[in-house]
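Note sheet for the following structure.
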Amino acid sequence: MYNNDKSMKHKIWKLKSSPDVQKIFELKKSLGVSKKICALLFDRGIDTFEKAKTFFRPQLSMLHDPFLMKDMDKAVSRLLKAMSSKEQIRVYGDYDVDGTTSVSMMYLFLKSQNANCDYYIPDRDSEGYGISYKGIDDAIDKGMTLMISLDCGIKAVEKVAYAKSKGLDLIICDHHRPGARLPEACAVLDPKRVDCTYPFKELCGCGVGFKLIQAYLKHQGLDETIAFQYLDLVAVAIGADIVPIVEENRVLAFYGLKHLNENPRIGMKALMREHKHFGAMNITDVVFTIAPRINAAGRMKHAHNAVSLLIEQNEEQAVKTANEIEEYNTERRSEDQRIAKEALVQIKEQNEEESASTVVYHPEWHKGVIGIVASRLIETYYRPTVVFTKSKAYLVASVRSVKGFDVFEALEACSAYIEQFGGHKYAAGLSIREENYELFKAAFDKVVSERITEAQKTEVIEIDAELDFSDITTGFNNILKQFEPFGPENMPPLFRTKNVLDRGYSKAVGSQNEHLKLHMCTEKEKLAEMNGIAFKLGSYAEYVVKGLAFDICYAIQENEWKGKRSIQLAVKDIKTL
């Protein structure tokens, strides 16, 4: 394989097995679309006309009854008591996108119901993740008697007990894995509770908060569609938190994006204008444009700025706040690129290129960007990664994993050296004492080396089907667009085309020639030309422009230039022949 960047690991291409030919034929007959489209549907578990109808035409009526969630009756009862008694309510949430959208949604809803409430986001540096003692004390000092925590709280057993002892009740809305004990709150809403029979387990934190709003409206006999005005916030949280976009999440994301595109709230509109996005937003736009900017407030300054933008009613002020957040995002980008370079140097200097895991540390790395840095490092060294920095008396870290490897379970196995941790299968956070750094690093690497499989050590690109360029018609693309919203468990289909040739216009682009702009045909279809962009694959330019054949794997997307739309291939990888 030709690639000038020797540190980048080769990827394995794996063509998915062909589905049952007879069943594909039957699906084609009932749907009236091509066999290639039917094969893509079949791979997503869509093998009947009714399932296809549900997939292509999601309906809000498909949302589950919120009272199926454990403790929902208790949550609504306590909220009603607070509302009727005019209690002071504190809306509390994490500083990431899921947390800030959750807080914005709940605050706006409670205000619309004339509640006495405020909101609180912990400071990333001084308070850290989740419910903090400072946040509890602040609520108590201000006369709050009920706190609704969103996207956090499921493991805050001691802190909830402390709040309760001070007369502050809690309703917890979370979606992270619970610990061995649940907090003794008034209500603990979390579909991942082992005793919760809610039909869908993969809601984001904002999604759980949305279900509470739904339940409140239903109990009060109010119009349940009132809740739908917040679906744009839910959709942004779904995209940013990388939860599976299937079943209930697909419905929420579908209608949330519709709301975001057709009637964006003032803050979102200002944010979209600031990053110069025109045309319909999709989940990819949310993940790579909206989410980083909302996150940047909490990473570089304070997430209060993000909530302030999302609840803003004045257009002029919204534009001003969006401009400030854009500046934070520019600073964030500079920081994470610098730290990633320093981390790569550290790995090489410590001769750890061949380790089972990556664990790096510097006391002055910016706490707000170490999660992004961990993801960047995985692009080079494809393995579970932990990036530490110093925060007061502790070292804190963001953890990211590779496909198939449960990093949360790996951390549990190293708990003897950890003060606190929480998260998901593929992403987590933790804190340790500084004197335990080398012990943790050795233990984590040992656990990874013992548990990781050979297959998990190399990034696998799963290819849905092989295409000729002549297959990529406007009609084919129009049906593919109806597969959206894309996300985990419904990723954009990836295709392979063999024996591709440069048509004479391909070249490396970008400030450091790091990307590759392609103009291609194939050996057997010289007249079927296609344009493509291959991010971070600029090192292949020297090979491509020689006129030598190569294979590509790619997603199909639309490109807009000077008001004209055209089909473009988003090339994910290249194999030279």
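General observations
- Pair list, Cβ under 6 Å, 6 or more apart: the range 451-471 residue in contact (Cβ under 8 Å) with a residue 12 or more places away in the chain and open to solvent by less than 40 Å² (accessible area, probe 1.4 Å), other residue part of a strand (DSSP E or B) and among the basic types (Lys, Arg): 463/496
- Some residue of the range 79-88 being of a type in the set (Asp, Glu) and more than 14 Å from residue 295 (Cα to Cα): yes
- Cross-chain or 6+ apart pairs with Cβ under 9 Å, the range 88-110 first and over 22 Å from residue 224 (Cα atoms) and in contact (Cβ under 8 Å) with a residue 60 or more places away in the chain, then among the basic types (Lys, Arg) and open to solvent by less than 10 Å² (accessible area, probe 1.4 Å): none
Let's see how each residue does on (1) surrounded by fewer than 22 Cβ atoms within 10 Å (Cβ to Cβ); (2) outside any loop (DSSP other than H, G, I, E, B):
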site: 146; (1), (2): no, yes
site: 152; (1), (2): no, no
site: 159; (1), (2): yes, yes
site: 164; (1), (2): yes, yes
site: 194; (1), (2): yes, no
site: 198; (1), (2): no, no
site: 203; (1), (2): no, no
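- Test: residue in the range 315-323 that is without any contact (Cβ under 8 Å) to a residue 24 or more places away in the chain, open to solvent by 10 Å² or more (accessible area, probe 1.4 Å) and of a type in the set (Val, Ile, Thr): no
- Subset of the range 533-555 that is among the β-branched types (Val, Ile, Thr) and open to solvent by less than 30 Å² (accessible area, probe 1.4 Å) - its residue that is nearest to residue 504 (Cα to Cα): 544
- Members of the range 176-214 that are under 26 Å from residue 232 (Cα atoms) and either modelled with pLDDT under 95 or β-branched (Val, Ile, Thr) (or both): 176, 177, 188, 208, 213
- Annotation note: Cβ proximity below 6 Å between a residue of the range 1-30 that is more than 30 Å from residue 376 (Cβ to Cβ) and a residue that is open to solvent by 100 Å² or more (accessible area, probe 1.4 Å) and at pLDDT 85 or above (sequence gap 6+ or interchain) occurs for 24/35; 28/35; 30/49.
Condition check ((1) closer than 17 Å to residue 573 by Cα; (2) at pLDDT 95 or above) across all residues:
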| site | (1), (2) |
| --- | --- |
| 462 | yes, no |
| 475 | no, no |
| 481 | no, no |
| 488 | no, no |
| 496 | yes, yes |
| 505 | no, no |
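- Single unsatisfied condition, residue 530 versus (1) touching a Cys at 6+ places or on another chain (Cβ under 8 Å); (2) surrounded by fewer than 18 Cβ atoms within 10 Å (Cβ to Cβ): (2)
- Reported count of residues in the range 387-398, each being in a strand (DSSP E or B), out of contact with any Lys or Arg (no Cβ under 8 Å at 6 or more places or on another chain) and either within 13 Å of residue 364 (Cα to Cα) or of a type in the set (A, V, I, L, M) (or both), is 4.
- Enumeration of residues in the range 215-251 that are within 24 Å of residue 78 (Cα to Cα), open to solvent by 10 Å² or more (accessible area, probe 1.4 Å) and out of contact with any His (no Cβ under 9 Å at 6 or more places or on another chain): 216, 218, 219, 220, 221, 222, 223, 224, 225, 226
- Taken as a whole, the structure leaves residue 372 outside the set of residues that are in a strand (DSSP E or B) and open to solvent by less than 70 Å² (accessible area, probe 1.4 Å).
- Here residue 263 meets the list (1) at pLDDT below 95; (2) surrounded by 17 or more Cβ atoms within 10 Å (Cβ to Cβ) almost entirely, failing just condition (2).
- In the range 421-456, the residues that are modelled with pLDDT of 95 or more and either basic (Lys, Arg) or on the phi > 0 side of the Ramachandran plot (or both): 433, 441, 446, 451
- Members of the range 381-412 that are small (Gly, Ala, Ser) and closer than 26 Å to residue 204 by Cα: 397, 398, 401, 404, 410
- Hits in the range 89-112 (condition: of a type in the set (S, T, N, Q) and closer than 17 Å to residue 239 by Cβ): 100, 101, 102, 104
The values are calculated or read from the model by the stated rules, or taken from the named source; none is laboratory data. Since we're looking at a predicted model, the values are computed, not measured. Glycine also receives a Cβ, built like all others from the backbone with ideal geometry; neighbour counts cover every protein chain displayed. Ligands, DNA and RNA are stripped out before the accessible areas are found, and what is left, the full protein with its side chains, is counted by its heavy atoms. Shrake-Rupley method; radii C 1.70, N 1.55, O 1.52, S 1.80 Å.
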